[in-house]
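A short worksheet on the structure shown next.
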Amino acid sequence: MNSKKKILFLDRDGTLIVEPPEDFQVDSLEKLQFVPKVITALHRVVTQSDYLLVMVTNQDGLGTQSFPEDTFWPAHQKMMQTFEQEGIRFFDVHIDRTFEHENAPTRKPRTGLLTHYMESEEYDLAASFVVGDRLSDVQLAANLGCQAILYTAEEEKYRKWKAEEEALKKQYPCLRLICNDWYRLADYVLMHKSRRAQIHRQTNETDIVVALDLDTPTEAVIQTGIPFFDHMLHQLARHAAFGLQLEVKGDLEIDEHHTIEDTALALGQAFVQALGKKWGIRRYGHFLLPMDETIAQVAVDFSGRPYLNFHAQWHRERVGGMPTEMVKHFFASFCHAAQCNLYMRVEGENDHHQIEALFKAWARAMRMAVEIIDDRLPSTKGTL
């Protein structure tokens with residue numbers, strides 16, 4: 001699964017703290033003022049995602065007579081201390097001290113301070129963001145190969161940017177959002193977090209480890225001890241294009257019930273973790289799938305409420321070591337843990353075909369439901 005790190009490159013003055021309009025220098029504790037909502041919003045980002053926070057700021061002439069260091073550091077350190085006390089830790093801080101007329105390679109939007117991020121394979125810059133209050137920050141994103149978010153708390157500047165939004169996005173294809181509210185900005189960033197989950201579910205009957213990635217398909221690794229059940233879960237990974245690793249140690253010496261039920265519960269928990277607050281997802285998915293004489297219909301709604309509507313008639317008790325009665329129970333357990341609605345109907349003569357068609361249609365419906373299609377919550381209630 002993709003383990004590259006994503007970064008939020010954050011401007012300082014005007015983005016994290018208010019920039020004084022008279023001299024653009026935060027050179028005293030009296031001038032230190034955080035922009036509205038930034039602390040709460042960044043706390044959400046660091047606790048609900050795996051983004052690294054990197055501060056990148058131009059401080060014109062820092063260390064010169066026009067901007068002595070002894071006036072800069074007390075306010076800067078107080079800012080950093082406040083963030084730290086709220087659980088907001090920066091992976092790194094990069095400060096360019098040059099004047100604009102010097103055209104230094106280290107000054108934004110140039111990337112001289114950030115070349116190690118560009119040269120290392122450790123970072124996923126295409127999935128990272130630059131957040132700033134100037135068009136030079138957008139240009140920095142373009143130069144880094146990142147996405148950009150323009151933020152301002154100034155209403156006049158915000159209205160101007162929104163009026164020019166189409167032209168700005170044409171000029172800067174990396175520009176994703178123009179925003180004047182840090183809560184809205186955090187929602188957007190979290191919508192694009194790595195949608196991965198790691199679940200370890202252990203009981204007296206089973207020991208299950210699940211790794212799920214909704215956006216990075218990989219070769220599935222699945223071991224439940226029930227070969228036909230493994231084959232069905234491979235259908236989920238392949239047809240939904242999910243990265244899925246699943247290892248189950250169950251009390252198969254008793255029977256298959258606990259292994260199948262607890263696998264469904266762990267898998268449902270993984271979807272809850274990976275989807276987070278569900279911002280931007282389609283929410284609904286459906287698929288009609290034929291398989292020889294069999295036809296399967298599946299619809300899913302990540303509604304936050306568990307419910308299974310299941311219609312199937314089996315012709316034998318087991319298929320490949322898996323009890324047919326456990327098919328419905330698997331999906332009922334999944335619905336309970338994943339907090340979703342499932343409608344499932346299958347008709348056919350061959351139970352192998354019926355079960356496989358159900359799992360394949362379920363996979364395709366799931367792929368549709370978790371797809372990110374916009375930047376809104378798919379509910380009028382305000383929560384799912």
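In this simple spin-label approximation, D181 and L29 carry label points 7 Å from Cα along the Cα→Cβ vector, and these lie 3.4 nm apart. Each of I199, I39, I373 has some number of other Cβ atoms within 10 Å of its Cβ, and from fewest to most they run I373, I39, I199.
Straightening the chain between F90 and R44 buys 15.1 nm, computed as 0.36 nm per residue apart minus the Cα-Cα spacing. Computed about the Cα centre, the dipole magnitude for segment 295-375 is approximately 160 debye when only Lys and Arg (+1) and Asp and Glu (-1) carry charge, each at its Cβ. Computed about the Cα centre, the dipole magnitude for segment 7-191 is approximately 480 debye when only Lys and Arg (+1) and Asp and Glu (-1) carry charge, each at its Cβ. Could you pull out which residues in segment 310-332 have an amide N less than 15 Å from a spot 7 Å beyond the Cα of K381, following the Cα-Cβ vector? It comes to no residues whatsoever.
Computed over segment 335-380, the P(r) curve from all C-alpha pair distances, binned at 10 Å from the origin, holds 20, 42, 27, 10, 2 percent per bin. Rounded to the nearest 20, the size of the Cβ-charge dipole of the chain about its Cα centre is 860 debye, with Lys and Arg at +1 and Asp and Glu at -1.
Of interest is the spacing of the C-alpha centroids, which for segment 269-341 and segment 1-31 amounts to 45 Å. A simple rule links phi to the HN-Hα coupling: the Karplus curve 6.51 cos²θ - 1.76 cosθ + 1.60 with θ = phi - 60°, which for segment 26-41 gives 8, 10, 7, 5, 5, 7, 6, 8, 6, 5, x, 6, 5, 5, 4, 5 Hz, with x for Gly and Pro.
Work out the charge dipole of segment 224-315 with +1 on the Cβ of Lys and Arg and -1 on the Cβ of Asp and Glu about the Cα centre, then indicate which of Q273, N309, L252 is farthest towards its positive end. The residue sitting most towards the positive pole is Q273.
Of all stretches in the chain that contain no trypsin sites (Lys or Arg not before Pro) in a DSSP loop with at most 12 other Cβ atoms within 10 Å, the longest one is 90-315.
The ranking of D251, D27, D50 from fewest to most other beta carbons within 10 Å of each one's beta carbon is D50, D251, D27. Farthest toward the positive end of the dipole of segment 308-384, out of Q339, T383, H353, is the Cα of T383, where the dipole comes from beta carbon charges about the Cα centre. Stokes-Einstein, applied to the Kirkwood radius of segment 7-191 over Cα pairs at a viscosity of 0.890 mPa s and 25 °C, places its translational diffusion at 146 µm² s⁻¹. Note that segment 281-370 carries a Kirkwood radius of 13.0 Å, evaluated over its alpha carbons pair by pair.
For the chain, the Cα-based Rg and Dmax, in that order, read 25.6, 88 Å.
Taking label points 7 Å from Cα along the Cα-to-Cβ direction, Q65 and A126 give a separation of 5.1 nm. Annotation: the residues W161, W314, sorted from fewest to most other C-beta atoms within 10 Å of their own C-beta, follow the order W314, W161. Applied to segment 88-103, the Karplus parametrisation 6.51 cos²θ - 1.76 cosθ + 1.60 on θ = phi - 60° returns per-residue 3J(HN,Hα) values of 9, 10, 8, 5, 7, 10, 10, 10, 9, 9, 7, 8, 4, 5, 7, 6 Hz, with x for Gly and Pro.
Loop-located GluC sites (Glu not before Pro) in segment 267-345 (DSSP state not H, G, I, E or B) with no more than 10 neighbouring Cβ atoms inside 10 Å: E317. Restricting segment 44-123 to GluC sites (Glu not before Pro) that sit in a DSSP loop and have at most 14 other Cβ atoms within 10 Å of their own Cβ leaves E86, E121, E122. Computed from the C-beta positions of N204 and E325, the FRET efficiency with R₀ = 22 Å rounds to 0.45.
For the pairs K4/K278; K108/K278; K6/K381, flag any whose C-alpha to C-alpha distance is greater than 27 Å.
Violating the 27 Å limit, Cα to Cα: K108/K278; K6/K381.
Between 0 and 90 degrees, the angle of helix 351-370 with respect to the longest Cα principal axis of the chain falls at about 20 degrees. By how many degrees, 0 to 90 and rounded to 10, does the Cα axis of helix 135-144 deviate from the longest principal axis of the chain? Taking Cα atoms only, the helix is inclined about 50 degrees.
Taken together, the values in this text are just the output of simple stated rules run on the coordinates, not laboratory data. Note that the structure is predicted; figures quoted are calculated from it, not measured. Note: ideal-geometry Cβ built from the backbone for every residue, glycine included; neighbour counts use all protein chains shown.
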